[in-house]
């Protein structure tokens, strides 16, 4: 029989893998943002599962670390969304392929 900790860690690893594949394969900044959020959710899940399901009474510390990860994800999302607004206003797109070209020195 598989332990609950192993199942939670497999779920966290799956979230991390989905986020990494999405980050590599996405073409827009919005898709990349969603992929980074998946990565952070996988990390938060593994922290909470490890704190709850291992002996030592670290439940509160695990929850505190998960709240920190969620706060970090919220701050990251706010910054990236603000950058996306600036990029869209300047280039009229959020596709990463269009952002790799350099502008003329005259314009």
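No value in this document is a laboratory result; all are computed from the given coordinates. Bear in mind that the values here come from a model prediction, so they are computed numbers and not experimental data. So basically every Cβ, Gly included, is an ideal-geometry build from the backbone, and we count neighbours across all protein chains shown.
Condition check ((1) loosely packed, with under 14 Cβ neighbours inside 10 Å; (2) under 23 Å from residue 3 (Cα atoms); (3) touching a helix residue (DSSP H, G or I) at 6+ places or on another chain (Cβ under 9 Å)) across all residues:
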position: 26; (1), (2), (3): no, no, yes
position: 37; (1), (2), (3): no, no, yes
position: 50; (1), (2), (3): no, yes, yes
position: 56; (1), (2), (3): yes, yes, no
position: 61; (1), (2), (3): yes, yes, yes
position: 70; (1), (2), (3): yes, no, yes
position: 87; (1), (2), (3): no, no, yes
position: 93; (1), (2), (3): yes, no, yes
For the range 38-56, pairs from a residue that is without any contact (Cβ under 8 Å) to a residue 12 or more places away in the chain to a residue that is surrounded by fewer than 19 Cβ atoms within 10 Å (Cβ to Cβ), with Cβ under 7 Å and 6 or more apart or across chains, are 52/59
